[in-house]
Amino acid sequence: MIERTPILNIVTHLILIFGLVVILTPIWLAFVAATHTLQAVNSHPIEMWPGDQLLINLREAWAQSDFGPKFVNTLIVSTGVVLGKITLACITAFSLVFFNYRGRIVIFWMIFITLMLPLEVRIVPTYAVAANALSPFQTIMDAIGLTSLINMISGIEVALEWNLLNSYTGLILPLVATATGTFLYRQFFLTIPDELVEAARMDGAGPLRFLWDVLIPLSKTNIAALATIMFVYAWNQYLWPLLVITDRANYGMVVVQLSDLVPDQLTTGGGTPTWHLAMAATLVVMLPPIAIVIFMQRWFVRGLINTDK
């Protein structure tokens, strides 16, 4: 029984309102700055109400940032990351839950521990692998003497190389591994009744057919939840694209492109940053992930809390 506590209700609502104000204030200031001229944005006191320059600033920010191809690139990378994460997490969790082999619990915990190793921590070795994705295999071949043996027998010098820099592959592949997705799928698969597994086995369904015909249809809400999280994650990537992409004309990403509207004072020799254009561009970059979250909200919530089968 839940007791009626008016005072507690008022306190909790005040806390929620305070949190909402804290979250929305920066967004409101960005929107206001995007509607004024540069002089108004830099004036004191700061403007708190919208102006009439929004459309002008949006057009100028879009033109200066060359957002057209950058949005296409970001959409391709975000979609690729989402598909890769969903596929890899589903297959990994399927193996951990429905196949009985030694060490699967250890493997799961090793995957789970990687949650404490974000991309920023492993950025250097990841970049080294992206510069030559076959370097680990080259190292193994050198260590066991296979490279020397091939060279001695055939006279061929084996030098494996696969450069992923300045490519969609280099932007997507290092980001597809997801401990969060694996954990989410594993927890869902653990709730699948054993009777359903036995019924599928009696009907002659193999592992792949059971995964495709039974588990994936039941996982639609989980897929939606994971896709929403990972799309926002991939869309907002900054550090990784900044490192692996030097050809920004062909492979630039929108979040990285925002920095062009706020030039580095050390390298440009001073000048006033165009904050009104930067805020206008920020609003444009925010729209796709916000739209995805709003559109997927119902499935996102169901995928995180629904346990009915």
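Couple of notes before you dig in:
- Of the residues making up region 133-155, those that are touching a residue at least 12 places away in the same chain (Cβ under 8 Å) and under 22 Å from Ser167 (Cβ atoms) are Ala133, Leu134, Ser135, Phe137, Gln138.
- Set Ala93, Ala130: member being surrounded by 16 or more Cβ atoms within 10 Å (Cβ to Cβ), touching a residue at least 40 places away in the same chain (Cβ under 8 Å) and either among the acidic types (Asp, Glu) or farther than 30 Å from Phe210 by Cα (or both): Ala130
- Within region 96-114, the set of residues being within 19 Å of the chain's Cα centre (by Cα) and loosely packed, with under 12 Cβ neighbours inside 10 Å comprises just one member, Ile113.
- You will find that of Ile76, Ile7, Ile91, the residue that is farther than 30 Å from Val284 by Cβ, under 25 Å from the mean Cα position of the chain (by Cα) and β-branched (Val, Ile, Thr) is Ile91 and no other.
- Residue within region 120-131 that is modelled with pLDDT under 85, more than 22 Å from the chain's Cα centre (by Cα) and in a helix (DSSP H, G or I) present: no
- Residues being part of a loop (DSSP other than H, G, I, E, B) and at pLDDT 75 or above - total across region 267-280: 1
- Any hit, region 213-220, residues being within 20 Å of Asn100 (Cα to Cα), free of Cβ contacts under 8 Å to residues at least 60 places away in the same chain and surrounded by fewer than 18 Cβ atoms within 10 Å (Cβ to Cβ): yes
- All of Arg186, Arg104, Arg122 fail the test of being without any contact (Cβ under 8 Å) to a residue 40 or more places away in the chain, within 23 Å of Asn222 (Cα to Cα) and among the basic types (Lys, Arg), apart from Arg104.
- Per-region count, region 134-174, residues assigned to a loop (DSSP other than H, G, I, E, B) and in contact with a Phe, Trp or Tyr (Cβ under 8 Å, 6 or more places away or on another chain): 4
- Search result, residues across region 195-210 that are under 20 Å from Ile91 (Cα atoms) and in a loop (DSSP other than H, G, I, E, B): Ala205, Gly206
- Among residues of region 168-180 that are within 18 Å of Ala131 (Cβ to Cβ) and touching a residue at least 12 places away in the same chain (Cβ under 8 Å), those with a beta-carbon under 6 Å from a residue that is of a type outside the set (D, E, K, R) and part of a loop (DSSP other than H, G, I, E, B) at least six positions away or on a different chain give the pairs Gly170/Leu164.
- Among the residues of this structure, Ala177 counts as one that is assigned to a loop (DSSP other than H, G, I, E, B), within 26 Å of Val72 (Cα to Cα) and among the small types (Gly, Ala, Ser).
- Scanning region 95-132 for residues that are among the small types (Gly, Ala, Ser) and out of contact with any helix residue (DSSP H, G or I) (no Cβ under 8 Å at 6 or more places or on another chain) returns Gly103, Ala131.
- Asp264 vs. criteria within 30 Å of Ala89 (Cα to Cα) and at pLDDT below 85: no
The values are calculated or read from the model by the stated rules, or taken from the named source; none is laboratory data. These numbers come from a predicted model, not from an experiment. Note that each Cβ is placed from the backbone with ideal geometry, even for glycine, and that neighbours are counted across all protein chains shown.
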